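Visitor: The structure is given below, and queries will be raised subsequently.
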Amino acid sequence: MSSNNRAAPAGRGTGTHFPARSWRWSVSDIVVASVLAVASGVIFWGWNLSYHLVGNLFVLYPPVETLVHGMWLFPAVLGALVIRKPGAAIYCEMVAAAVSALLGSQWGLTVLSSGFMQGLGAELIFLAVAYRRFSLEFAMLAGAASGLTGGITYHWIVPMYAYAPTETIIHIACFAFSGAIIAGVLPWLATRGLAAASVLGPLASRRAHREPRLGLGRSHG
Amino acid sequence: MAVIARGWSWTHAERERPAVAGLDLKIAAGEKVLLAGPSGAGKSTLLHALAAVLHDDEAEVHGQLLLDGVAPDQARGRAGLMQQDPESQVVLSRIGDDVAFAAENLAVPREQIWQRVRAALTEVGLEGFGLDHPSAKLSGGQKQRLALAGILAMRPGLLLLDEPTANLDPEGVWQVRDAVLAAAEATGATIILVEHRLEVWAEQMDTLLVLETGGGIRRRSPAAEIFTDPALREELGAMGLWVPGRDPLQELPAWPGEAVLPGKAVLPDEPARDVKSAWGGMPGPAPGEPLLLAEGLAVGRHSPKAGWRSAQPGAPTLTDLDLVIRRGQTLGITGANGAGKSTLLLTLAGLLPAHAGSLAATAELKGGAAGAGLAADPHEWRSADLVARIGVVFQEPEHQFVRSTVREELALGAQQAKVPGTADPLFTEEQVQDRVTGLLQRLGLSELAEANPFTLSGGEKRRLSVGTVLSAGPQVLMLDEPTFGQDARTFAELISLLREHLDSGGTVLAVTHDADFLRGLQAEELQIGATGRAAPGTGEQPGASKAGKQPEAPGGELFAAVRSLSWLGRRNALAKLIAVFLITAALVMTIDVVSSGVVILAALALLPLAGIRPAGFLRRIWPFAAGAVLAAWGTAIAAEESGRVLLDLGFTTISEGSITLGLALGARAFAIVLPSVIVFSTTDPTDLADSLAQQLRLPARFVLGALAAMRLLGLLAEHWRTIGQARRARGVGTHGGVVARMRGTASQAFGLLVQAIRMATRLAVTMESRGFGAGPRSWARPARFSAADLPVILGGALIGALAVTAAVLSGTWNFVWT
């Protein structure tokens, strides 16, 4: 890996040492995560325009509509991949949900609970690897987990559907699959693209584009 | 405040060369320093380090930087930083709150905060606005003065100014300069300024400090020598600075017609020449064949058709335009901010629909027999046809970038161009490669062919953005403020590229504030709207804001900084949130028509309390009604079969039971929306954040971070739209089938993310340089419950209880968690 840490004395003339890796959110982390979440709200809004066309595909059999619902999960994984700090997935998904509520969400205040639960799914995956791995398979796992917890919320925690058991399983499975692709692969590609465009300067993910695509390698540090 | 550097070096992680090395420096208290140096000499790094906003876990630092003897991060609030982009210098939506923000971060007691706010606003000449005036409605120059007020509210001893006037129009430049100088005079603060338009600042500065690339100071001399020392002037000019009285165009080869006008350096405040004669028939030399004809044209930023979010179509910004664009013409569109110049350009470019009147491309522009099948109005063309005829260069080059290398970026236009009416490419792959090679040389980007476009320098990005548009060989080039914020060298390079385009028979249209640009291309000028230009240096009367002329950002109505004055609007935000929570909880517990019906009726009955007119409300909520119908349909198909089967589709059935359940779910979905729409439309985000942080005790850093980001919503939506237009201009519009649309959306989304993170990074620097994020803070406005908030919470509880009771009594209660 490319992370050859400089073992040089750090500090701005005061001799202060910067920790090699901190889980505390910096101001940049907070503001970038917040703006990413708000931008996601704008993307939802743009996506909604396209969804009129896409959504019609599922009129005949609505349980598979969740095949495209991964679109509503991407802020969780994107936030986690870009910020790489505990809570990023939940925070980004919840703020994005709050923005969509402000713009007018068809779920009202319940977007907060679904936002939390969707973020939680992704968060648990990155927690399980101690926020050290951000390669493609973990992004996909996180996206799928987000769809899974999202589906569980839809059907049992704050039930919004009353489907028969088979339809429920199809509905949740499609949600998880969609999460893995739309909220897993795409945010992973986006993060690499952002790192390659060198806009992630102050963030822990600034070298994402030079990390191995899959597994073994450690993300950073 | 005195500034001292002793052998100070800074190396970014992963960089071999230090950004600043071995800097030894002594700046006296009250000294006004102009900091110059070649790009990459570490000017911004130094300013950021002094402002204590330079963080890098892995950076290598040596030596010392001291502000009055202490390290920058120990001198929080003593140094204020102003950056280039006005949008990221504003943190909150109301000007009073924005100025108070810095004082709050320094935990200034509440009583003193508002004194400081008023004093600071007076110092920068914004006292004519109310404290509640929306910061989004300020002009760029006013935003920068607001930023200065925020800095002054910290009572700093050092003003760090990183190109504070580079992104402003001429009148804004003088306003900001005068405000900065007056503040320094009044407070005795030290100034360190980086700026490439020297004529604006040089006379007022004490000292010129030129940094050396790779470390150290190349020169330190009195700033007055900028006017007197020819060698110094030459050196500064070579760095791309605008040196007073030195014309960057003189470096270029002579151009026919150039001698006609005196080749003097024109200050940015030179009044526009009156060229009303440019209307209608075009005078001037060498009029070619007409290419575009506009008759009675009306243009507007918002679609002339009613959209799904706003039932009212946008009003046109400009009307009754008659215009002929001819081959070989150079036309500069000038006029006041918000007059509709860019909108006109985008409409002429076929990127916005005309509101009224007609816009027609002639056979000349359509391109002979092949183009005969094209519609008259360029807006109806495919982007594949547009790209080979009209090229549009956007103000922000990054809006146009869609590929990951410079080479692919330059190939794209030529690859996308199609023979009209067919899917056949206009150029063979070999021709495309030839064009790319030619363009790389012409743009001086051959070395950077494989670089990521986003990583180029400002000047390189500007050249590339022009190159990408030339790729498909369009006849007409349209540019939006192409020289905005550019240094003198990039300016000269751009002029030279455009002269080549004109020499080869091309046509240039540009929206610009820049008199040098018009002169450099010998452009005719088309002045839009009333003149109304304020004289330089006098500043604008605060009362006479031009806010009214500025186009309203999308989402603006939702985040209007004007508080709702209704009864509900004046109640505590947390109380309202609790009320909606109680109602929502009741609805979530059961799926039945009765409880939903109770809430819907209650919500409608409460509209007067929220000051919402029923008609407006219906316009707002009908999409949700449509969503509810979809939810009902989904359940009717997918729910467990019960009762009589009405329809058997084989793979599933629709039964009486599933229809009943579907209707109940649909009604509930609709009922859940209403209270939150009512409450959110009467709740100010700033008030909500105050409540969440002070009353609910959520972490203030995150609440305020989210609030500051929320302010960017309108701006991000504006970026989204511009990026979409830029993509169409590049030949990759969101047209076609589902896959093409989804790819288009993904690419547009990526473009938005880049801009979002750039903005966020600058905003984070602004916030941190105003003391945000470290230590305890105070709150300028207390958030607490009053007696009047009790009815809100009780009302919410009552509606929830009523819904539950009614459902239980009517026997429809259908508990979900069984």
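The values are calculated or read from the model by the stated rules, or taken from the named source; none is laboratory data. This is a predicted model, so every value here is computed, not measured. No Cβ is skipped: glycine too gets one built from the backbone with ideal geometry, and neighbour counts run over all protein chains shown.
Visitor: May I ask you to list the residues in region B:728-741 that are in a helix (DSSP H, G or I) and away from chain A (no Cβ under 12 Å)?
Guide: If the condition is that a residue be in a helix (DSSP H, G or I) and away from chain A (no Cβ under 12 Å), then B:728, B:729, B:730 are the ones that fit.
Visitor: Which one is surrounded by the most Cβ atoms within 10 Å (Cβ to Cβ) among residues in region A:14-32 that are at the interface with another protein chain (Cβ under 8 Å from one of its Cβ atoms) and modelled with pLDDT of 85 or more?
Guide: A:31
Visitor: Can you tell me which residue among A:193, A:215 is surrounded by fewer than 22 Cβ atoms within 10 Å (Cβ to Cβ) and in a helix (DSSP H, G or I)?
Guide: A:193
Table: residues versus (1) in the same structural domain as residue B:36 (by TED's automatic domain parsing); (2) in contact (Cβ under 8 Å) with a residue 12 or more places away in the chain; (3) surrounded by fewer than 17 Cβ atoms within 10 Å (Cβ to Cβ); (4) over 30 Å from the mean Cα position of the chain (by Cα).
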position	(1), (2), (3), (4)
B:175	yes, yes, no, no
B:180	yes, yes, no, no
B:198	yes, yes, no, no
B:206	yes, yes, yes, yes
B:211	yes, yes, no, yes
B:214	yes, yes, yes, yes
B:223	yes, yes, no, yes
B:229	yes, no, yes, yes
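Visitor: Could you list, in sequence order, all residues of region B:55-65 that are facing chain A (nearest Cβ under 7 Å) and either assigned to a strand (DSSP E or B) or of a type in the set (S, T, N, Q) (or both)?
Guide: Scanning region B:55-65 gives B:60, B:61, B:63, B:64, B:65.
Visitor: Does region B:474-486 contain any residue that is farther than 13 Å from residue B:521 by Cβ, crowded, with 23+ Cβ neighbours inside 10 Å and of a type in the set (Gly, Ala, Ser)?
Guide: Scanning region B:474-486, I find no residue that is farther than 13 Å from residue B:521 by Cβ, crowded, with 23+ Cβ neighbours inside 10 Å and of a type in the set (Gly, Ala, Ser), so the answer is no.
Visitor: Additional query: Is there a residue being surrounded by 22 or more Cβ atoms within 10 Å (Cβ to Cβ) and modelled with pLDDT of 90 or more anywhere in region B:553-571?
Guide: yes
Visitor: Please specify each residue of region B:167-186 satisfying the condition of being among the small types (Gly, Ala, Ser) and in contact with a strand residue (DSSP E or B) (Cβ under 9 Å, 6 or more places away or on another chain).
Guide: Residues satisfying the conditions are B:183, B:184.
Visitor: Kindly indicate the residue of region A:155-189 that is of a type in the set (Gly, Ala, Ser) and surrounded by fewer than 20 Cβ atoms within 10 Å (Cβ to Cβ) and also nearest to the chain's Cα centre (by Cα) among those meeting that condition.
Guide: Checked region A:155-189; the qualifying residue nearest to the chain's Cα centre (by Cα) is A:173.
Visitor: Now, a different point. Return the only residue of B:450, B:460, B:430 being over 24 Å from residue B:329 (Cα atoms), within 14 Å of chain A (Cβ to nearest Cβ) and free of Cβ contacts under 8 Å to residues at least 40 places away in the same chain.
Guide: Criteria check complete, one pass: B:460.
Visitor: Could you say which residue among A:120, A:78, A:103, A:127 is on the phi < 0 side of the Ramachandran plot, surrounded by fewer than 22 Cβ atoms within 10 Å (Cβ to Cβ) and within 12 Å of another protein chain (Cβ to nearest Cβ)?
Guide: That would be A:103, the only listed residue that is on the phi < 0 side of the Ramachandran plot, surrounded by fewer than 22 Cβ atoms within 10 Å (Cβ to Cβ) and within 12 Å of another protein chain (Cβ to nearest Cβ).
Visitor: In the list B:4, B:95, which residue meets the criterion of being more than 25 Å from residue A:25 (Cα to Cα) and touching a helix residue (DSSP H, G or I) at 6+ places or on another chain (Cβ under 8 Å)?
Guide: B:95
Visitor: In region B:761-795, what residues are in a loop (DSSP other than H, G, I, E, B) and more than 14 Å from every other protein chain (Cβ to nearest Cβ)?
Guide: Listed by number, the residues that qualify are B:776, B:778, B:779, B:780, B:781, B:782, B:783, B:784, B:785, B:786.
Visitor: Among (1) at negative phi; (2) within 12 Å of chain A (Cβ to nearest Cβ); (3) not basic (Lys, Arg), where does residue B:39 come up short?
Guide: (2)
Visitor: Oh, and also: Condition check: touching a Gly at 6+ places or on another chain (Cβ under 6 Å) and touching a residue at least 40 places away in the same chain (Cβ under 8 Å). Does residue B:775 satisfy that?
Guide: In short, no.
Visitor: Could you say which residue among B:328, B:314 is modelled with pLDDT of 50 or more, over 24 Å from residue B:357 (Cα atoms) and in a loop (DSSP other than H, G, I, E, B)?
Guide: None of the others qualify; the one that does is B:328.
Visitor: OK, next. Residues that are in contact (Cβ under 8 Å) with a residue 24 or more places away in the chain and more than 9 Å from every other protein chain (Cβ to nearest Cβ): list the helices (runs of 4 or more DSSP H) wholly contained in region B:627-720 that include at least 3 such residues.
Guide: Fully inside region B:627-720 and qualifying: B:656-681, B:685-694.
Visitor: If you check residue B:52 against the conditions, is it part of a helix (DSSP H, G or I) and surrounded by 24 or more Cβ atoms within 10 Å (Cβ to Cβ)?
Guide: Judged against the criteria, residue B:52 is not a match.
Visitor: Of all residues in region B:586-611 being closer than 27 Å to residue B:694 by Cβ and either assigned to a loop (DSSP other than H, G, I, E, B) or modelled with pLDDT of 95 or more (or both), which is nearest to the other protein chains (Cβ to nearest Cβ)?
Guide: My answer is B:606.
Visitor: Then there's this: Only one of B:432, B:466, B:436, B:402 is assigned to a helix (DSSP H, G or I), under 24 Å from the mean Cα position of the chain (by Cα), assigned by TED's automatic domain parsing to the domain that holds residue B:491 and surrounded by 20 or more Cβ atoms within 10 Å (Cβ to Cβ). Can you tell me which?
Guide: Only one candidate qualifies: B:466.
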